[in-house]
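Reading through the structure tokens given below for one structure.
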């Protein structure tokens, strides 16, 4: 019997009965699994990460809502200065932070890419600690 012959016989449903081991169990009738190269893995992971997420009606509504809240947050963040509880450093700092958050939100609302979503996430995570630090640093009275 030729090497790999018993696997071919088993595929046809034929068995001669002289095999000591079951068909296909020797491993001689199939090639070893091919290992993926590091370049292939890097290409696959890069292209998977660079694909934009699918934009659905739910995603578009989420981005519109984020934009609405970012616009509403701008005057609210300036309120402590208008009421006189903070000084000009807080006012201009809060204006810059709120402008940055609004800019990141507008970008992701217009272009639903992963990079823009990451920028918005970073801006939203850093926004509140920056505003609170400005409040503490420039408190009047």
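The values are calculated or read from the model by the stated rules, or taken from the named source; none is laboratory data. In this text the structure is predicted, and so the values were computed from the model without any measurement. Please note: Cβ atoms are built from the backbone with ideal geometry, for glycine as well, and neighbour counts cover all protein chains shown.
Here is how the numbers come out for the structure above:
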{"read-out": "Single condition residue 84 does not satisfy, out of (1) in a helix (DSSP H, G or I); (2) at pLDDT below 95; (3) under 22 Å from residue 134 (Cα atoms)", "value": "(1)"}
{"read-out": "Count - residues of the stretch 65-120 that are more than 24 Å from the chain's Cα centre (by Cα), within 20 Å of residue 137 (Cα to Cα) and surrounded by 14 or more Cβ atoms within 10 Å (Cβ to Cβ)", "value": "14"}
{"read-out": "Meets criteria (modelled with pLDDT of 90 or more and on the phi > 0 side of the Ramachandran plot) for residue 93", "value": "no"}
{"read-out": "Condition met for residue 123 (touching a residue at least 40 places away in the same chain (Cβ under 8 Å), assigned by TED's automatic domain parsing to the domain that holds residue 62 and either closer than 18 Å to residue 60 by Cα or under 16 Å from the mean Cα position of the chain (by Cα) (or both))", "value": "no"}
